[in-house]
Amino acid sequence: MRMLPFNFDRLDSGSIFLSNVAGFHSCLDQSEFDEFIESSATSNRTLNDLLQSKLFVSDNDNLDATQAALSSALAKKLLGELEFRPIFMIVPTLRCDHACNYCQVSRANAKASGYDLDPNAISIIVSTIKRLSPPPYKIEIQGGEPLLRMDLIKAIYDQAESQLQPGNFELVITTSLSLMDESILSWARNRAVYFSTSLDGQQEVHNANRILPSQDSYERLKHSVKRILEELGANRIATVTTVTRSLLEAPESIIEAHLELGINEMFVRPISPYGFANTKPSTEYSIAEYMTFYEKLFNTIIKHNQEGIPLVESSAAIHLKRVLIPGYSQYADLKSPSGLLLNCVLFNYDSKVYGSDETRMLQRVIGDIDFSCGEVNSLSLVKNDLYQKLISSSFNLVHPGCETCAYQPYCGSDPCQHISLMGEPVGDKSLSVFCHYHKNMFRFLLDRYYSHPPTRNILKDWCHG
Amino acid sequence: MVETIRKDVFQLPPENPIAAGHYLLRTTVPDSSNHYLNQILIKDDVYSPKPNSQCITGVVRSSGLLGNISDGDIGVVNANGTLRVILSRNANHNTVLVTERCNNRCLFCSQPPKERDDDHLLVQAGLAIAAFQSDDIIGISGGEPLLYREKFLRFLDFVILHAPSTSLHILSNGRAFSDTGFASEIAKRCQDTSITFGIPLYSILGSNHDRLVGAHGAYRDTINGLINAGNLGIPIELRIIPTQQNYKDISTIVEFSSRCLSNIVQVSIMNLEPTGWAKNSWHNLYLSPSSYLDDLRNGIEAAIEASLPVCLFNFPLCHIPEDLWPYAVQSISDWKNYYPNECSQCQLKSKCPGYFTSSRGKFHHPPRRIEQCVNGT
Amino acid sequence: MRKWNLAALLPGFLSLNSSALDTALPQNSHSDSAKFPNDTIIAPLNLKTPDYIAAHRSHSSHRSHSSHRSSSGGSSYYTPKPSYTPPPTKQSDPLGQPSKPQYSTPSEKQKAKQDRALLIRRVQLALQLLGYYQGAVDGIMGPQTRQAIFSYRIDKGLSASDLIDQELLNSLGIAAQ
Amino acid sequence: MEIRELQKSDYTEWVIRNTLYWLTPYSRWQLSDSSTHWIIQFESPSNDLFYELDKLLNDYTLRENVMEKTSTIREAITLNVLKSIQQRLEA
């Protein structure tokens, strides 16, 4: 028997997680692992067959075929992740009614001028979208607070309907919902319009993060979500939770907030460590602290599931899907090369076009480099040196630190984060927040998946649901 | 005699004997000769004068035959005076055999191979397909059709030229595709017409696959072949037949296909058919689906996870649990498909794949009670 | 440990998507596997319908992979049969369109001639199918046809000649007229 | 400040460098060597650091063991794939 290349990592429960370039994985216990390293076989015949079927080992007769299979799989994976399948983001305004502590997008005052999209640009933006990719289209309206310019959102929808054809696109509005009203609801009713909103916890936590002059961000959100659920249905609203320092101590607050609003699915993530976020010492925490929090949150969610309340945490689902589902590469953060440009094209309010939400933010902080790929009228995506360099340097297969990591085939790369924190796109993984976060998520989730069968069944439902 | 869904063999009336060979069967008098095959006219038993046409080679008076064919079907007359309908417009599935030669010796081969020159089968198949002019799918089986190599490329060219609307589904062990040049030639032809290859893979353990197909080195060729074919754009239906030797490998075969192979258009999991050599070692091969349900389910799950379409073939519904019914398809060719008497009361009969006629006697696994009591109530 | 330099290859990687990323292209043009000649190892780009999860938050309403049933049915190989349409006849073919009206039977000689042409045609088709004959399927016993018959007979160990006889017809599996 | 000396006969440079790569978050370090030893100087030693050091040394030694058996195949696969993609792009 001939051993084939693989990487490994130790899970908390003591088992050892193996993966190879083709994306196969397997879990061994310590003694099986030792035997395998020693002699390319364990004393468990069934396990040996499994390891052979997953291309961790080959019989000598078929070595060339096995090698060809590994190559074919790697090529399939690389080409799949190179596919250009962008989500199109449009920023109708940078103005916002909120003044949040950690606002990731530098915002503009609600009354400021010069931060809105020129209505005449909309038709060009939509025709550019049509030229760039085949249907279906997903158009995400970003901000600022886009509901400040509902007129522009409607114009975008109308343009999309006439140029892209109904049924070929959907519009996702990312909004705090503070300006939601009945007229918006009735407009959305028969249109492919979805809402995505930030929910940072229950009243106290949410209002501490999401600062409105009237101090009632949570109440407004709660009312709007209730109306969306009543009028449009549960599939029209989704939430994102950004974990701040104050939430770290109170994971159950997220769950309670979702239950209070009647939403079963949550998407929880750590605060972005970008240098340009208004990070004050009070909002900073380590990934170790985050994982302690996440573990509590996760355990409570699983407990709810076991008691018949079908809560879903989507970050967990996304990480596991990357491992369990061959070809799953729709999540821009977890792919290599990075999802920059390949998964996202952003049309900013000032007609500039960016390859991700983060690049337009980087632009606000690092003014002397042009992070855009030009204006919508003079777009040059391919010839842009900066994006070539960024994407080129985002293949984690060859990154120091990643090449011996067992999660490399499932992980991604974030050149923008590394630029913002370390001044270069590859980053020192030993200090990288991106690496710490994702590595620990994989490690934690796979441990739970393999060491606890009841949890495993719930996680399977999340991945397949 | 068991009642099949569609009868396909008929004894010809002894008067006016028809010479052996392939014929285009006509129910109306043709006004022109056929380029590819001689034509015979099928009439009912009532005597009528032989029609005055130079375009037909003979007349068969048989109501039984007439009732079972359509104008334009293809039949083969044997020396013993029987006629077998090989391409039928009424059939759920048409297949032609192009060779009996094979480089595998599958333990459950339904068409045990013979080592002799049988190029004439390829010629007859080509002429029959051209004469049949179907715009549907015709199955090509063997033997191993790709043993023809160059000739098979000519055969495909012939079909593309003379029966351009006909799609082909070709059963092959895929070993020939390990030759990249040959695979590219086939791939070129897949651009011109709709061609799918049905290729079996029985295990990702090379020795296990080789043992089941009775040929050392087969796994290696088939794996290299599947990789080449898929990556070159040849559409592949991947076939898995669970036996006692490989039922545990179902889900790893599926995961392998989804990670390493491209262009898998369908994964077909097929219940063993008790014909040919499978009968010899039936008791060492056959495994009742109920004894490997978890493996079956895991395989289906793995396919769904990877967005690979998956189907169960030849599984009577009463042999698998209800959650797997959506994947079971009625697929047994109608001329060898039957339902035992016990099935007559079953409410699901119309949706059920039923049995192979060959599964009678000691190979039969009788219908069972379905949990919800739909069987026999 | 690495002897190869991936970064050096990457401008190429990017140009993989250049057709998609170039807005100067005509409408609806997008990256397409067919544009790239396939190599043995490389899988074609799969243009599957994406299961969108946005960089931020996706709406879970469109999870394409959960459509369990789309796969079942196996209907791709078992579709209902269309009704029969007679084989096309070529205008240029005298045999396909009998020039004489039905009431006037052709002479025995003429019938034999037509039968012979039909038989030659089928031999030509069979030899075309087996790769021996590249000429026109015209029912005429020309030099190319004779050469093809000769080669075939030699290959199959039949008696060496360029004639159509029962031995040849049996070998090819063609019925005599 | 604390110094660890590791025998060169026990650990290769590959193992030492990969191990140290992941120790940066725990402490600043400096590597030097004598003819027989790797000499590592840690600025802020701690129990966590040395626990991690031992674990990493152990695991990278195992990885090196695996690499020795598999690196030829690994290189071949990666090169083969990249070359094929490149060829297709240039075609």
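Quick notes on this structure:
- The residues listed here are A:Ile129, A:Ile124; of these, the one that is open to solvent by less than 30 Å² (accessible area, probe 1.4 Å) and either modelled with pLDDT of 95 or more or assigned to a helix (DSSP H, G or I) (or both) is A:Ile129.
- Looking at C:Tyr133, C:Tyr152, just one residue is within 12 Å of chain B (Cβ to nearest Cβ), over 15 Å from B:Asp117 (Cβ atoms) and either open to solvent by 60 Å² or more (accessible area, probe 1.4 Å) or under 26 Å from the mean Cα position of the chain (by Cα) (or both), and that residue is C:Tyr133.
- For A:Lys130: the one exception among (1) touching a helix residue (DSSP H, G or I) at 6+ places or on another chain (Cβ under 8 Å); (2) within 14 Å of chain B (Cβ to nearest Cβ); (3) among the basic types (Lys, Arg): (2)
- Pick from segment A:167-183, criterion over 18 Å from A:Ile90 (Cβ atoms) and open to solvent by 20 Å² or more (accessible area, probe 1.4 Å), ranking: modelled with the lowest pLDDT: A:Gly167
- Taken together, the criteria exclude A:Ser336 from residues that are modelled with pLDDT of 95 or more, within 14 Å of chain C (Cβ to nearest Cβ) and either out of contact with any Leu (no Cβ under 7 Å at 6 or more places or on another chain) or part of a loop (DSSP other than H, G, I, E, B) (or both).
- Applying the set (1) open to solvent by 10 Å² or more (accessible area, probe 1.4 Å); (2) assigned to a helix (DSSP H, G or I); (3) at pLDDT below 95 to A:Glu161 leaves exactly one unmet item: (3).
- Taken over segment B:57-71, the criterion of being open to solvent by 20 Å² or more (accessible area, probe 1.4 Å) and either in contact with a helix residue (DSSP H, G or I) (Cβ under 7 Å, 6 or more places away or on another chain) or in a helix (DSSP H, G or I) (or both) is satisfied by B:Ser63, B:Gly64, B:Leu66, B:Gly67, B:Asn68.
- Test set (1) modelled with pLDDT of 85 or more; (2) under 28 Å from A:Ala75 (Cβ atoms); (3) out of contact with any Phe, Trp or Tyr (no Cβ under 8 Å at 6 or more places or on another chain) - A:Glu375 fails condition number: (2)
- Selection within segment B:243-263 - within 18 Å of B:Ile223 (Cα to Cα) and either out of contact with any strand residue (DSSP E or B) (no Cβ under 9 Å at 6 or more places or on another chain) or more than 11 Å from every other protein chain (Cβ to nearest Cβ) (or both): B:Ser251, B:Thr252, B:Glu255, B:Phe256, B:Arg259, B:Cys260
- Extreme residue, nearest to the other protein chains (Cβ to nearest Cβ), among residues of segment A:53-77 that are without any contact (Cβ under 8 Å) to a residue 40 or more places away in the chain, open to solvent by less than 40 Å² (accessible area, probe 1.4 Å) and not small (Gly, Ala, Ser): A:Asn62
- Any chance A:Leu386 is among the aliphatic types (A, V, I, L, M), open to solvent by 10 Å² or more (accessible area, probe 1.4 Å) and modelled with pLDDT of 85 or more: yes
- Filtered residues of segment C:106-144 (kept if in a helix (DSSP H, G or I) and of a type in the set (A, V, I, L, M)): C:Ala112, C:Ala117, C:Leu118, C:Leu119, C:Ile120, C:Val123, C:Leu125, C:Ala126, C:Leu127, C:Leu129
- Output for segment B:334-343, where each listed residue is open to solvent by less than 80 Å² (accessible area, probe 1.4 Å), part of a helix (DSSP H, G or I) and modelled with pLDDT under 80: B:Asp334, B:Lys336
- Check on A:Val91, more than 14 Å from chain B (Cβ to nearest Cβ) and on the phi < 0 side of the Ramachandran plot: yes
- Restricting attention to segment A:94-120 and to residues that are touching a helix residue (DSSP H, G or I) at 6+ places or on another chain (Cβ under 7 Å) and modelled with pLDDT of 95 or more, the residue that is most open to solvent (accessible area, probe 1.4 Å) turns out to be A:Pro119.
- Residue tally, condition without any contact (Cβ under 8 Å) to a residue 24 or more places away in the chain and over 19 Å from A:Ala108 (Cα atoms), over segment A:355-382: 8
- Scanning segment B:245-264 for residues that are among the acidic types (Asp, Glu), open to solvent by less than 20 Å² (accessible area, probe 1.4 Å) and within 26 Å of D:Ser84 (Cβ to Cβ) yields a count of 0.
- Only one of the numbered conditions (1) at pLDDT 85 or above; (2) β-branched (Val, Ile, Thr); (3) assigned to a loop (DSSP other than H, G, I, E, B) is not met by A:Thr66, and that is (3).
- Only one of the numbered conditions (1) out of contact with any Asp or Glu (no Cβ under 8 Å at 6 or more places or on another chain); (2) modelled with pLDDT under 95; (3) of a type outside the set (Ser, Thr, Tyr); (4) not in a loop (DSSP other than H, G, I, E, B) is violated by B:Ile74, and that is (2).
- Every listed requirement among (1) within 22 Å of D:Thr19 (Cα to Cα); (2) crowded, with 16+ Cβ neighbours inside 10 Å is met by A:Met422 save one, (2).
- Residue among D:Leu62, D:Leu49 that alone is at pLDDT 95 or above and in contact with a helix residue (DSSP H, G or I) (Cβ under 8 Å, 6 or more places away or on another chain): D:Leu62
- For B:Asn103, the conditions (1) farther than 30 Å from B:Asn208 by Cβ; (2) open to solvent by 10 Å² or more (accessible area, probe 1.4 Å); (3) at pLDDT 95 or above are fulfilled apart from (1).
- Scanning segment A:18-35 finds no residues that are open to solvent by 10 Å² or more (accessible area, probe 1.4 Å), farther than 30 Å from B:Ala215 by Cα and aromatic (Phe, Trp, Tyr).
- Of all residues in segment A:1-29 being in a strand (DSSP E or B) and of a type in the set (Phe, Trp, Tyr), the one that is nearest to the other protein chains (Cβ to nearest Cβ): A:Phe8
- Test result for B:Asn314, within 22 Å of B:Gln245 (Cβ to Cβ), at pLDDT 90 or above and open to solvent by 10 Å² or more (accessible area, probe 1.4 Å): no
- Taken as a whole, the structure places D:Arg4 among residues that are part of a strand (DSSP E or B), more than 14 Å from the chain's Cα centre (by Cα) and not β-branched (Val, Ile, Thr).
- Odd one out for A:Cys463, checked against (1) more than 18 Å from the chain's Cα centre (by Cα); (2) in a helix (DSSP H, G or I): (1)
- Every condition in (1) open to solvent by 10 Å² or more (accessible area, probe 1.4 Å); (2) under 16 Å from the mean Cα position of the chain (by Cα) holds for B:Ile129 except the one numbered (1).
- Subset of segment B:21-56 [in a loop (DSSP other than H, G, I, E, B) and hydroxyl-bearing (Ser, Thr, Tyr)]: B:Thr27, B:Thr28, B:Ser32, B:Ser33, B:Tyr36, B:Tyr47, B:Ser48, B:Ser53
The values are calculated or read from the model by the stated rules, or taken from the named source; none is laboratory data. Keep in mind that this is a model prediction, so the values were computed, not measured. Note that we place each Cβ from the backbone using ideal geometry, even for glycine, and neighbour counts take in every protein chain shown. Only protein heavy atoms, including side chains, enter the accessible area calculation; ligands, DNA and RNA are left aside. Shrake-Rupley method; radii C 1.70, N 1.55, O 1.52, S 1.80 Å.
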